[in-house]
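Notes to accompany the following structure.
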Amino acid sequence: MAKDVDLSSREWLDIVFEGKNKDFGAYELRNESAKRHNKSVIFTLIGIIAVAALAWGWSKYNSYMTEKRLAEEKARQEALAKQMEKELEEEMEDEPEYIEPEKEEVVQEDIQNSQKVTELNIVADELVKEPPKTQEQLKEDERQVGAVDEDKGTNDITKDVVKVDQTVVEVKEPPKPVEEKPKPEPKPKEEEVFKSAAHMPSFPGGDAALMSFINKNIKYPQVAQDNGVQGKVIVQFVVEKDGKVGEVKVARGVDKDLDREAVRVCKMLPKFSPGRNAVGDPVRVWYTLPVTFKLQGVN
């Protein structure tokens, strides 16, 4: 067969169906196959072009909206800055203007008038018993007075004793700092235990495996057997986030021995598949389990 033979051509189709019933349907299908293939290719190309155009248009729209939001935010920031600047200017205008107080001019005459004037009294010589001391003598007297030992005193009544007031300053010790006792650290808050969850805890192997574990490990208390005590103990326990059995308590008891045995077996339970909330995170959940004690031959 030549390599350049067109298998979809009409001539090749006539050769294949030569001497056969062309009205059966296969002939028409083969005859129209080329058209169908061409249409499918065209529609596929149109679909690809449409999807690409939509993607391009969507990206352009997102870019436009992003630029628009940035421009609006920039305009809002500028308006806010102008408003704050305007308010600041108004506050500056409302503040009272500081006026520096005027300094009083001191007149030289006032200074002269305020100075003390020593008046000289002129008397006759016979009335002067002792000539007045000169300035040098006065200074010498002051030095002598200053040299007097105040603690020892002096017998000369003509000399003045200068007394110096002494001020005793009592120095108090600073108060000792009070040692603050360290505050106890707050206890960590326990996570909430839910009564139900979107996905409740499950025992590996299902309820049948759970009941099998209970029946295999439970031991009927001898005292209860001797007294013919039987009944159903309702036990509740917490399935932790890691699947372990946590707190165990009796919700409805029958007898103290039966209750104690039911709690003991529940504490032996292996890990559950933990309960989970609606988003799939593990949570702590209360699990209720009835444990039945029944004696053979006793109704």
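The values are calculated or read from the model by the stated rules, or taken from the named source; none is laboratory data. Keep in mind the model is a prediction, meaning the values are calculated, not measured. Note that we place each Cβ from the backbone using ideal geometry, even for glycine, and neighbour counts take in every protein chain shown. These accessible areas exclude ligands, DNA and RNA; they are computed on the full protein's heavy atoms, side chains included. Shrake-Rupley method; radii C 1.70, N 1.55, O 1.52, S 1.80 Å.
Structure notes:
- Computed over protein heavy atoms with a 1.4 Å probe, the carbon and sulfur contribution to the accessible area of region 209-299 reaches 48%.
- Summing +1 for each Lys or Arg and -1 for each Asp or Glu among the other residues whose beta-carbon sits under 12 angstrom from that of Asp242 gives +3.
- Distance between the C-alpha centres of region 40-94 and region 196-264: 64 Å, rounded to the whole angstrom.
- Sorted peptide list for 197-204, 73-80, 284-291, criterion being average Cβ within 10 angstrom, highest first: 284-291, 197-204, 73-80
- To the nearest 10, the accessible area of Ser273 is 60 Å² with a 1.4 Å probe.
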